[in-house]
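A.B. asks: Okay, here's the structure, questions in a sec.
The values are calculated or read from the model by the stated rules, or taken from the named source; none is laboratory data. Since the model is a prediction, treat every value here as computed from it, not as a measurement. Positions of Cβ are backbone-derived with ideal geometry, glycine not excepted, and every protein chain shown enters the neighbour counts.
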Amino acid sequence: MKKHSREEILSKLARADELARAGNSQVDVCKALGVSVMTLHRWRKLPLPKPEAHVVQDNAAESVASGRPPAMDQMRHVLEDLKLENQRLRKIVTDLLLEKMRLEEAAVTASSRQSETQGVIQALLGPANSR
């Protein structure tokens, strides 16, 4: 198991955000980064300083200069982050639903094959040997 440094984690999280914005699925993002989905989720929950914090402060300084209250800019930034997170979560739910459908179809197919096999065995053995 590899221990990633804070800098590596921050750079991979930034790259993950870029890939997610580009429309890649979470599985594809994790493959590109070389980490598991659980590792990526764990990293996102870590209290790491984000490089975007400097951008927010810069935007706040610009907003004061332009006459807008900094709270509105911060709220827009939070809204933007929430929209991005919502998009990611919707994609995850969609991926999970598709996987569930594939598994259900495979289960139905396996069940029908098993029924067919039992019917053939019963036909070969005859009615005297069946219960």
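A.B. asks: For residues that are over 10 Å from the mean Cα position of the chain (by Cα) and not in a helix (DSSP H, G or I), tally how many sit in the range 11-34. Steps first, please.
C.D. replies: Quick first cut of the range 11-34, residues over 10 Å from the mean Cα position of the chain (by Cα) only: 11-19, 21-23, 31-34.
Filter again for not in a helix (DSSP H, G or I), leaving 22-23, 34.
Matching residues across the range 11-34 total 3.
A.B. asks: Go through the range 1-52 and count every residue that is on the phi > 0 side of the Ramachandran plot and modelled with pLDDT of 90 or more.
C.D. replies: The qualifying residues number 1.
A.B. asks: Scan the range 1-41 residue by residue and report those that are touching a residue at least 40 places away in the same chain (Cβ under 8 Å) and of a type in the set (S, T, N, Q). Even if it seems obvious, please write down each step before you answer.
C.D. replies: Pass one, the range 1-41, residues touching a residue at least 40 places away in the same chain (Cβ under 8 Å): 6, 10, 17, 20-21, 25-27.
Selection gives S25, Q26.
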